[in-house]
Amino acid sequence: MTDTTTASFAQSITKYRQDYRPPTHLVDALELDFDLGDERTTVRARMAIRSNRSAENQTGELVLDGVGLDLVKIALDGVDLRRERYRISNEALTITGLPDQCVLETEVLIEPQANTCFEGLYRSGPMFLTQCEAEGFRRITYFLDRPDVMTCYTTTVRADRDRYPVLLSNGNLVQAGEDGNGRHWARWEDPFRKPSYLFALVAGDLHCEPDSFVTMSGRKVELRVYVEHHHADKCAHAMTSLIKAMRWDEETFGREYDLDLYMIVATDDFNMGAMENKGLNIFNSKFVLARPDTATDADYERIEGVIGHEYFHNWTGNRVTCRDWFQLTLKEGLTVFRDQQFTAEMTSAAVKRIDDVQVLRTRQFPEDAGPMAHPIRPEAYQEMNNFYTATVYEKGAEIIRMYRTLLGSVGFRRGMDLYFERHDGQAVTCDDFRTAMADANGRDLSRFERWYQQSGTPVLQVSDEYDAEMKRRTFTFTQVRSPTSQSDQVLPLYIPVAFGLIGPDGADLTLRLVAEDRAGATTRILELTETSQAFVFEDVLPGCVPSYLRGFSAPVELRCERSHADHAFAMTHESDAFNRWEAGQRFATEVLG
């Protein structure tokens with residue numbers, strides 16, 4: 001999900017990651033029937049439920065989340081449930097005495113037009129829309145509204161044909177017809193299990209821009225962009241961006257789209273930025289629509305990136321999702337990294353990297369330095385929506401980038417392949433991702449977990465000494481505790497430093513560490529795992545200028561002594577585009593200061 005609104009201020013209790021317990025029950029299939037009305041909407045649900053034998057609670061009691069629902073009917077295995085078998089609170093429906101397997105049916109009434117929190121199903125202007133991440137589905141019907149309960153959905157939507165000619169939900173359209181009295185219906189089937197936060201429904205009067213895409217296995221996928229009629233001339237770029245994203249994900253990660261239909265809805269009435277609902281992405285218009293006479297180049301690039309981000313979620317977030325909301329960066333940090341790589345390849349990799357680091361420094365570094373600092377995987381929260389932050393997204397993406405820096409592009413792809421192979425169709429954790437990366441490459445990445453545990457921007461101090469007689473230069477890297485860190489215990493992090501040396505002639509030196517048999521590359525990845533580490537390089541000429549953190553290889557604050565002449569030299573000769581830009585910034589700052 002992109003760009004959520006601020007959370008509501010309802011009284012909440014603190015939830016802790018350490019308190020996670022598996023769900024007491026699982027839902028194998030869910031059939032939903034929506035009868036959309038002006039005053040009230042009827043939602044009928046039929047769910048196939050079974051006990052989760054891996055859960056601790058085997059009492060037969062089932063607690064379903066539900067907020068603002070008017071229960072009309074409840075039945076178990078076709079028999080109306082007696083009142084003493086269930087109880088209703090403001091936030092839940094509790095049912096006792098369930099067998100190991102059963103079919104539960106409920107019918108509730110909701111009021112989408114009065115839904116001012118815009119979570120769940122709401123009506124805005126002439127449209128019905130949904131927003132279920134993080135916990136909005138409980139405002140639609142009673143359900144286990146948590147990401148580790150993944151279910152196959154069949155959804156029927158009924159509404160007035162004239163006012164709502166377009167009826168959409170997740171998956172493939174399997175049937176449609178007339179309902180009588182000027183009403184019609186459409187039935188959608190999603191064969192892939194998904195959590196409730198990815199459910200989507202749209203009903204309205206929309207223009208459809210169609211196209212298609214042939215996947216790498218030869219399947220034809222129908223593509224549709226739905227917009228309000230006055231935006232019909234502004235959706236061509238969105239479609240082009242979608243096709244580029246689908247092709248790029250196949251070529252770069254081997255990920256093929258799985259359904260027969262992919263839909264985007266862009267409307268002025270959507271209250272969030274964008275949402276990756278399975279097969280039915282919903283966007284606010286500003287993130288999708290563009291026309292040459294009213295949009296800038298930056299608008300076009302941003303739209304391409306956001307379209308890509310939500311599409312890439314199909315695998316990193318939908319097919320493999322989070323076990324719980326503490327793991328939010330598992331899908332968001334990873335998908336931000338993927339959309340950054342996509343934009344870098346579609347435009348300029350150097351400019352994109354500079355832009356991303358500027359966002360990190362101006363938005364995330366201050367967050368890490370303030371009272372709201374938190375790890376990318378928080379340990380506790382009261383309101384989950386408050387954790388859709390620059391730390392979870394942008395810093396989370398930098399953590400993913402460090403995996404790629406440490407493992408190389410081939411090793412990173414190998415880890416991604418194993419991650420999908422192991423966990424397709426599952427709700428997993430950040431630890432599962434790290435384990436897949438480690439196992440696929442035969443590496444010990446256990447210390448990398450500290451990036452998920454500690455808040456604050458790490459400070460990296462560098463000093464160096466030169467032995468002219470031995471032609472050796474020693475660089476000592478020291479991790480300094482950030483004075484604003486909110487972590488109780490700050491341990492040394494696993495930091496990859498992409499390092500180079502620029503010779504007096506302006507050419508990169510081939511780097512060789514002491515005791516190595518042969519010279520290595522001109523850029524070396526120095527792996528910092530201790531509070532202080534020294535690296536000694538041989539055959540170093542006097543007057544070489546060091547190049548630290550090439551490509552900004554870690555989200556740290558670098559402190560080192562660099563002369564004005566060094567910055568000027570790097571501006572001219574630095575082979576790394578990011579560090580060349582960085583040297584220019586430092587040089588200009590010194591001149592202006």
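The values are calculated or read from the model by the stated rules, or taken from the named source; none is laboratory data. Predicted model, so just to flag it, every value in this text is computed and none were measured. Cβ coordinates were reconstructed from backbone atoms using ideal geometry, including for glycine residues, and neighbour counts include every protein chain displayed. Just the protein is used for accessible areas: all its heavy atoms, side chains included, with ligands, DNA and RNA removed. Shrake-Rupley method; radii C 1.70, N 1.55, O 1.52, S 1.80 Å.
Can you tell me which residue in segment 381-402 is nearest to residue 13 (Cα to Cα), limited to those that are modelled with pLDDT of 95 or more and out of contact with any Leu (no Cβ under 8 Å at 6 or more places or on another chain)?
First pass over segment 381-402, keeping only residues modelled with pLDDT of 95 or more: 388-402.
Pick out the ones that are also out of contact with any Leu (no Cβ under 8 Å at 6 or more places or on another chain) and you get 389, 391, 393, 399, 401-402.
Details: 389: 20, 391: 23, 393: 24, 399: 30, 401: 34, 402: 35 Å.
Filtering first and then ranking leaves 389.
Does at least one position in segment 522-533 carry a residue that is free of Cβ contacts under 8 Å to residues at least 12 places away in the same chain, open to solvent by 50 Å² or more (accessible area, probe 1.4 Å) and over 30 Å from residue 363 (Cβ atoms)?
If we filter segment 522-533 for residues that are free of Cβ contacts under 8 Å to residues at least 12 places away in the same chain, which is where we start, we get none.
No: segment 522-533 contains no residue that is free of Cβ contacts under 8 Å to residues at least 12 places away in the same chain, open to solvent by 50 Å² or more (accessible area, probe 1.4 Å) and over 30 Å from residue 363 (Cβ atoms).
Go through (1) touching an Asp or Glu at 6+ places or on another chain (Cβ under 6 Å); (2) assigned to a strand (DSSP E or B) one by one and return the number of the condition residue 177 breaks. Just one mismatch for residue 177, condition (1). Residues that are closer than 24 Å to residue 130 by Cα, surrounded by 14 or more Cβ atoms within 10 Å (Cβ to Cβ) and free of Cβ contacts under 8 Å to residues at least 24 places away in the same chain do occur in segment 36-54, at least one of them. Taking the listed residues 383, 394, the one that is under 16 Å from the mean Cα position of the chain (by Cα) and either surrounded by fewer than 20 Cβ atoms within 10 Å (Cβ to Cβ) or among the acidic types (Asp, Glu) (or both) is 394, with no other qualifying. All of 202, 221 fail the test of being open to solvent by less than 50 Å² (accessible area, probe 1.4 Å), touching a helix residue (DSSP H, G or I) at 6+ places or on another chain (Cβ under 9 Å) and assigned to a strand (DSSP E or B), apart from 221.
Quick one: which residue in 514, 591 is open to solvent by 20 Å² or more (accessible area, probe 1.4 Å), in contact with a strand residue (DSSP E or B) (Cβ under 7 Å, 6 or more places away or on another chain) and farther than 14 Å from residue 501 by Cα?
Numbers: 591 fails: in contact with a strand residue (DSSP E or B) (Cβ under 7 Å, 6 or more places away or on another chain).
It is 514.
Of all the criteria given as (1) modelled with pLDDT of 95 or more; (2) touching a strand residue (DSSP E or B) at 6+ places or on another chain (Cβ under 8 Å); (3) over 30 Å from residue 265 (Cβ atoms); (4) surrounded by fewer than 17 Cβ atoms within 10 Å (Cβ to Cβ), the one not satisfied by residue 113 is (3). Output the residues belonging to segment 515-568 that are within 29 Å of the chain's Cα centre (by Cα), of a type in the set (D, E, K, R) and part of a loop (DSSP other than H, G, I, E, B). The one that is within 29 Å of the chain's Cα centre (by Cα), of a type in the set (D, E, K, R) and part of a loop (DSSP other than H, G, I, E, B): 550. Within segment 73-87, residues that are farther than 12 Å from residue 46 by Cα have Cβ atoms under 6 Å from residues that are crowded, with 18+ Cβ neighbours inside 10 Å in these pairs: 81/74; 86/95, counting only partners at least 6 apart in sequence or on another chain. For segment 205-218, filtered to residues that are more than 15 Å from residue 259 (Cα to Cα) and not acidic (Asp, Glu), the residue that is surrounded by the fewest Cβ atoms within 10 Å (Cβ to Cβ) is 210.
Among residues of segment 325-338 that are buried (at least 24 other Cβ atoms within 10 Å of the Cβ) and among the aliphatic types (A, V, I, L, M), those with a Cβ under 7 angstrom from a residue that is modelled with pLDDT under 95 and part of a helix (DSSP H, G or I), sequence gap 6+ or separate chain, pair up as 328/387. Taking into account only those residues within segment 116-139 that are in contact with a Gly (Cβ under 8 Å, 6 or more places away or on another chain) and part of a loop (DSSP other than H, G, I, E, B), which is nearest to residue 160 (Cα to Cα)? Filtering first and then ranking leaves 126.
If you check residue 287 against the conditions, is it open to solvent by 10 Å² or more (accessible area, probe 1.4 Å), touching a residue at least 60 places away in the same chain (Cβ under 8 Å) and either over 17 Å from residue 190 (Cα atoms) or within 16 Å of the chain's Cα centre (by Cα) (or both)? Yes.
The number of residues in segment 224-266 that are more than 25 Å from residue 289 (Cα to Cα), touching a residue at least 60 places away in the same chain (Cβ under 8 Å) and in a loop (DSSP other than H, G, I, E, B) comes to 3. Residues that are in a helix (DSSP H, G or I) and either open to solvent by 50 Å² or more (accessible area, probe 1.4 Å) or within 30 Å of residue 196 (Cα to Cα) (or both) within segment 427-444 comprise 430, 431, 432, 433, 434, 435, 436, 437, 439, listed in sequence order.
Would you confirm, using the coordinates I've provided, whether residue 461 is touching a strand residue (DSSP E or B) at 6+ places or on another chain (Cβ under 6 Å) and under 30 Å from residue 370 (Cβ atoms)? Yes. Summed over segment 145-165, the residues that are surrounded by fewer than 18 Cβ atoms within 10 Å (Cβ to Cβ) and not in a loop (DSSP other than H, G, I, E, B) give a count of 2.
Which one of these does residue 94 not meet: (1) buried (at least 16 other Cβ atoms within 10 Å of the Cβ); (2) assigned to a strand (DSSP E or B)? For residue 94, the exception is condition (1). The single condition among (1) on the phi < 0 side of the Ramachandran plot; (2) open to solvent by less than 20 Å² (accessible area, probe 1.4 Å) that residue 456 does not meet is (1).
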